[in-house]
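Trainee: So that we are looking at the same thing, I have put the structure below in structure tokens.
What follows draws every value from the coordinates through simple rules; no lab data is involved. All of these numbers come straight from a predicted model, not from anything done at the bench. Heads up, the Cβs are rebuilt from the backbone with ideal geometry, glycines too, and the neighbour counts pull from every protein chain shown.
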């Protein structure tokens with residue numbers, strides 16, 4: 001379903017080779033509190049529930065929680081690493097339905113739910129989500145990407 | 001000054017309601033190579049497009065670009081008046097990004113945030129205030145490169161989390 005560049009090892013899917021039901025390669029994360037602090041600094045998000053256990057408990061959490069936006073960054077990586085350099089991310093929606101905590105495996109999953117050509121552009125609709133260790137999807141979402149078509153390639 | 005939650009009442013005061021439609025003071029950021037690299041490292045994304053200049057230059061983008069959620073680091077400016085947050089704690093409800101074109105290292109991006117809706121819900125954590133904001137990102141060519149629509153939830157009393165005012 002994809003052409004892999006032998007030099008970079010990067011897969012560049014072509015629109016015509018993508019089918020509804022195709023599953024994206026999983027992106028697995030196992031964040032620790034250090035990564036939360038790195039993300040706080042890099043994103044300028046200094047809400048203290050992400051690094052101060054007392055503040056997190058005061059807010060009703062058992063311990064510090066993962067930034068929702070860090071989860072959306074991982075889901076962005078799930079999509080962009082699949083679509084390769086020739087694809088373009090057009091839409092990314094994420095909804096934080098459940099809280100995730102550090103020191104647990106978080107797996108980004110996705111599958112193709114629709115393919116269509118609009119104005120000559122090959123569009124692929126994806127259902128994406130962050131899966132917790134017990135199988136719960138804490139962070140469902142969707143994405144829309146454009147992929148190169150064979151005629152252009 | 002701030003309203004408190006009361007049975008049958010609302011935390012959405014006239015003053016709070018007056019923020020719907022109000023735009024934040026525009027803030028402009030230079031998209032710097034090392035800020036992008038640090039962000040990519042923080043999210044754990046090793047794509048060459050964010051940190052390998054030669055490979056990125058040779059790609060279809062022709063340049064280093066920022067990851068899709070790098071916009072989170074481009075904080076909007078303040079509103080023209082102080083936002084009267086009634087609650088102490090904050091949760092992020094989600095984001096919807098729409099991308100028109102990639103952000104490249106060297107771009108200058110101007111950020112404006114506007115609250116489009118405020119409503120409240122009652123749940124496990126008591127009364128919760130939901131704030132829907134639309135953030136626009138415009139580049140140095142005056143082109144709207146992306147928008148982010150956010151849902152921010154605040155709740156509870158007590159000492160305010162130091163970061164609550166930023167979102």
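Trainee: Tell me the Kirkwood hydrodynamic radius of the protein assembly as shown in angstroms, computed as one over the mean inverse distance between distinct C-alpha pairs. Could you put the intermediate results ahead of the total?
Mentor: Numbers: mean 1/r = 0.0486 Å⁻¹.
Hydrodynamic radius (Kirkwood, Cα only) of the protein assembly as shown equals 20.6 Å.
Trainee: If I stretch the segment between residue B:60 and residue B:149 completely, what's the gain in nm (0.36 nm per residue apart, minus their alpha carbon distance), one decimal?
Mentor: 29.2 nm is the gain from fully extending residue B:60 to residue B:149.
Trainee: Still on this structure, please answer the following. Using only the Cα atoms of the range A:52-153, construct the convex hull and provide its projected area averaged over every direction, in square nanometres to one decimal.
Mentor: So the Cα hull casts an average projection of 7.5 nm².
Trainee: A further question on this structure: Binned at 5 Å from 0, what are the whole-percent values of the Cα-Cα distance distribution for the range A:42-99, short to long?
Mentor: 4, 16, 21, 18, 16, 10, 8, 5, 2, 0
Trainee: Taking the simple approach of a point 7 Å from Cα along Cα-to-Cβ for both residue B:25 and residue B:41, what is their distance in nm?
Mentor: Each label point is offset 7 Å from its Cα along the Cβ direction, giving 3.2 nm.
Trainee: Separate question: Hey, quick one: spin label on residue A:16, modelled 7 Å out along Cα-Cβ, who in the range A:78-94 has an amide N within reach, i.e. under 20 Å?
Mentor: Within reach of a label on residue A:16, which here means backbone N under 20 Å from a point 7 Å along Cα→Cβ, the range A:78-94 contributes A:83-88.
Trainee: Need one number: nm distance between label points at residue A:46 and residue A:114, each 7 Å from Cα along Cα→Cβ, rounded to one decimal.
Mentor: In this crude spin-label approximation the distance works out to 4.3 nm.
Trainee: Using R₀ = 22 Å, calculate the FRET efficiency as 1/(1 + (r/R₀)^6) where r is the Cβ-Cβ separation of residue B:101 and residue A:37; round to 0.05. Walk me through the numbers before you get to the answer.
Mentor: Details: r = 32 Å, r/R0 = 1.45.
Once rounded, the FRET efficiency stands at 0.10.
Trainee: Kindly give Rg over Rh for the range B:6-54, based on alpha-carbon atoms, with the Kirkwood expression for the hydrodynamic radius.
Mentor: Value, to two decimals: 1.37.
Trainee: Next up: Which whole-angstrom value gives the distance between the alpha carbon centres of the range A:127-153 and the range B:67-110?
Mentor: 22
Trainee: Same structure, new question: Sorting check: for B:89-100, A:108-119, which peptide has the highest mean count of neighbouring beta carbons within 10 Å, and how do the rest follow?
Mentor: Peptide ranking by packing, descending: B:89-100, A:108-119.
Trainee: Also, quick follow-up: From other protein chains only, count the Cβ atoms within 10 Å of every residue's Cβ in B:30-41, then give the mean.
Mentor: Taking the mean over all residues of the peptide, I get 2.
Trainee: Please identify which residues in the range A:57-74 have an amide N closer than 18 Å to a label point set 7 Å out from the Cα of residue B:125, following the Cα→Cβ vector.
Mentor: A:57-72, by backbone N distance to the label point.
Trainee: Over chain B, with a Gaussian network built from C-alpha contacts below 10 Å, which listed residue (B:142, B:14, B:107) shows the highest mean-square fluctuation?
Mentor: B:14
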